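**Q** One structure, as structure tokens, below. Some questions next.
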Amino acid sequence: MGIAYLCMQLRIHHNDMKKHLILLCVLAFSASLHVVAQSIRKQIESHPELSANNYLAYPAPSGKLTPAPSGYLPVYLSHYGRHGSRYLIHAQQYLRPIETLQRADSAGVLTNEGKDVLKKLRLMYTESYKRWGELTLLGAQQHQQIARRMYNRFPSVFRDSVWVDAKSTDVIRCILSMENELQELIRHNPRLRIRHDASAHDMYYMNQSDKKLSHQKDSSAVKNTIDEWAKRNIDTQPLMSRLFKDKEYVAKKVDASQLTFDLFSLASIVQNSEIRHSLSLYNLFTPDELYRLWQRSNAWWYLRYASAPQSGGNQPFSQRNLLRKIITDADSCLALPHPGATLRFGHDTMVMPLTCLLNLNNSDIRVSDIDSLALKGWSSTRIVPMAANIQFVFYKNPKRPKDDVLVKVLLNEEEVTLPLPKTSTPYYYKWSDFKKYYLAKLNAYRG
């Protein structure tokens, strides 16, 4: 009896210990998620421009790359990139808030801060007049710098007189982004042979339109999720009181939500043009307001272009043609003695779903509660800033041509993980594993 009793007590103690360990692990994980969310919030507080999501001016990469395995050299580069910094796309995005503030000014209900904001908006409108959606000087410089780093990081890809095949969507800001990169590459190596094109012929993969997926991402479920979240989390009244003297006027004459979102967009876009040197609108918002507005925009991107259940869970497959094209082009080019590079220039609405389709850095998450996005570290800011790009860099061992071809993927010029079997060197994956995994994923999709 004594031994049996002792054994029972040990089992109870062991089970209690297991429960305590599980509880501690859960608490530690919850704490780590809280730290992630707090980190994003603190980053925005220190650097308000990070709240801009897809309006963030392209951040300089760290420059750190893991060396390739011994004997391997980069031989081919494939790429899809967003255009660089631009102005807002529609004149109305400038005019609507200007007209709202002008009417209030005429009625004598603008505060001094409101008058200052109106003055700044007029200057922004003048700078961007009839340049709606066009590439800015900074946008051109971003692509020159990306090309320069691409050339310096992977000189063996761009050696001698290899071909660089470049394609763009038929939107002028994308075409000019392409031309700026190509001109920079030519400056480094005048012997490069360049092919460049922008045609509706290639839009089936460069800017694919899928009616079913588009209908799902524009559904009432998506709109209601965003609207309900905003009603719970975004209080527009403090901002309105800073802009207007008369609450009754605001209640009757001002769409407070629309004006708030318009001013946030304008504050975000400033960093992308030369006017950034002379004015800012970020002092109009408190850090908490900026974080909440970032959350709303971040959720918008997740619901419309990632694997959100509210939009059907399959939005990343909008880029299935692009991923197939990347794979088939790579196989064709890798069969050549000197493959060169394939460059493609388009939009954030391609880069985001492609990132999730590839599940770069575990970006392909599925959550019903959009409040958990920040907790899980899912950030559209990190994926689709202006000039966002995905580079696929291919490596061969010239002394051992039968060895595996390796591929490394860079998101905004930073190394990322893939959901593939690991090799002995972090961030380098077998091309055969890449093709097997992603082709199976594409083949399994039933649209």
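The values are calculated or read from the model by the stated rules, or taken from the named source; none is laboratory data. Only a predicted model underlies this, so the values are computations on that prediction, with no experimental measurement involved. Every residue, glycine among them, receives a Cβ derived from its backbone with ideal geometry; neighbour counts consider all protein chains shown. For accessibility, only protein heavy atoms count, side chains too; no ligands or nucleic acids. Shrake-Rupley method; radii C 1.70, N 1.55, O 1.52, S 1.80 Å.
**Q** Rounded, prolate or oblate, given the Cα gyration tensor of the range 319-447, with a/c below 1.5 counting as rounded?
**A** Values: a/c = 1.76, a/b = 1.68, b/c = 1.04.
Prolate, since a/c reaches 1.5 and a/b exceeds b/c.
**Q** Apply the a/c threshold of 1.5 to the C-alpha gyration tensor of the range 113-210 and tell me whether it is rounded, prolate or oblate.
**A** The shape class here is oblate.
**Q** Okay, next question. Rounded if a/c is under 1.5, else prolate if a/b beats b/c, else oblate: with a ≥ b ≥ c from the C-alpha gyration tensor eigenvalues square-rooted, which is the range 273-353? Numbers along the way, then the final one.
**A** Values: a/c = 4.88, a/b = 1.66, b/c = 2.93.
It is oblate, given that a/c is not under 1.5 and a/b is not larger than b/c.
**Q** What residues have an amide H closer than 5 Å to that of Ser168, excluding those fewer than 5 places away on the same chain, when H is modeled at 1.01 Å from N in the peptide plane?
**A** Here the answer is Asp197, Ala198, Ser199, Phe345, since their amide H atoms fall under 5 Å of that of Ser168.
**Q** State the percentage of accessible surface on the range 380-447 attributable to carbon and sulfur atoms; use a 1.4 Å probe and exclude ligands, DNA and RNA.
**A** Values: 1630 of 3090 Å².
That fraction is 53 percent.
**Q** How much accessible surface area, in Å² rounded to 10, belongs to the heavy atoms of Arg193 with a 1.4 Å probe?
**A** 110 Å²
**Q** Cβ neighbours within 10 Å, averaged per peptide: list 226-238, 317-329 in order, most packed at the top. Don't jump to the answer; show the numbers that get you there.
**A** Working: 226-238: 14.2, 317-329: 20.1.
Taking the mean over residues of other Cβ atoms within 10 Å, the ranking is 317-329, 226-238.
**Q** Using θ = phi - 60° and the Karplus curve 6.51 cos²θ - 1.76 cosθ + 1.60, what whole-Hz ³J(HN,Hα) does each residue of the range 313-330 get, with Gly and Pro shown as x?
**A** Ordered by residue, 3J(HN,Hα) equals x, 10, 4, x, 6, 4, 9, 5, 5, 5, 5, 4, 5, 4, 5, 5, 4, 5 Hz.
**Q** What does the charge dipole of the chain about its Cα centre add up to, to the nearest 20 debye, if the Cβ of each Lys and Arg holds +1 and the Cβ of each Asp and Glu holds -1?
**A** Numbers: 59 positive and 41 negative charges, 185 e Å.
Result for the chain is approximately 880 debye, rounded to the nearest 20.
**Q** Which ³J(HN,Hα) values, rounded to whole Hz and listed in residue order, are derived for the range 340-349 from phi using the Karplus coefficients 6.51, -1.76 and 1.60 in 6.51 cos²θ - 1.76 cosθ + 1.60 with θ = phi - 60°, glycine and proline given as x?
**A** Each residue's phi maps through the Karplus curve to give x, 8, 10, 10, 10, 10, x, 9, 4, 6 Hz.
**Q** Related question: Please give the per residue accessible area of the chain, computed with a probe of 1.4 Å over protein heavy atoms only, in Å². Intermediate results must be reported in sequence, preceding the final value.
**A** On the way: 21220 Å² over 447 residues.
That works out to 47 Å² per residue.
**Q** Considering the chain as a Gaussian network with a 10 Å cut-off on Cα pairs, which listed residue, Leu354, Leu121, Leu420, attains the greatest mean-square fluctuation?
**A** The residue with the greatest mean-square fluctuation here is Leu420.
**Q** Test of the criteria: in the range 379-447, which chymotrypsin sites (Phe, Trp or Tyr not before Pro) are in a DSSP loop and have at most 15 other Cβ atoms within 10 angstrom of their Cβ? Mind dumping the intermediate values first?
**A** On the way: sites: Phe392, Phe394, Tyr395, Tyr427, Tyr428, Tyr429, Trp431, Phe434, Tyr437, Tyr438, Tyr445; in loops: Tyr427, Tyr428, Tyr445.
In loop regions of the range 379-447 (DSSP not H, G, I, E or B), the sparsely surrounded chymotrypsin sites (Phe, Trp or Tyr not before Pro) are Tyr445.
**Q** Continuing with the same structure: Whole-Hz Karplus ³J(HN,Hα) for the range 388-403, in order, using 6.51 cos²θ - 1.76 cosθ + 1.60 and θ = phi - 60°, x for Gly and Pro?
**A** With the stated coefficients, the range 388-403 comes to 3, 8, 10, 10, 10, 10, 9, 10, 10, 9, x, 7, 9, x, 8, 5 Hz.
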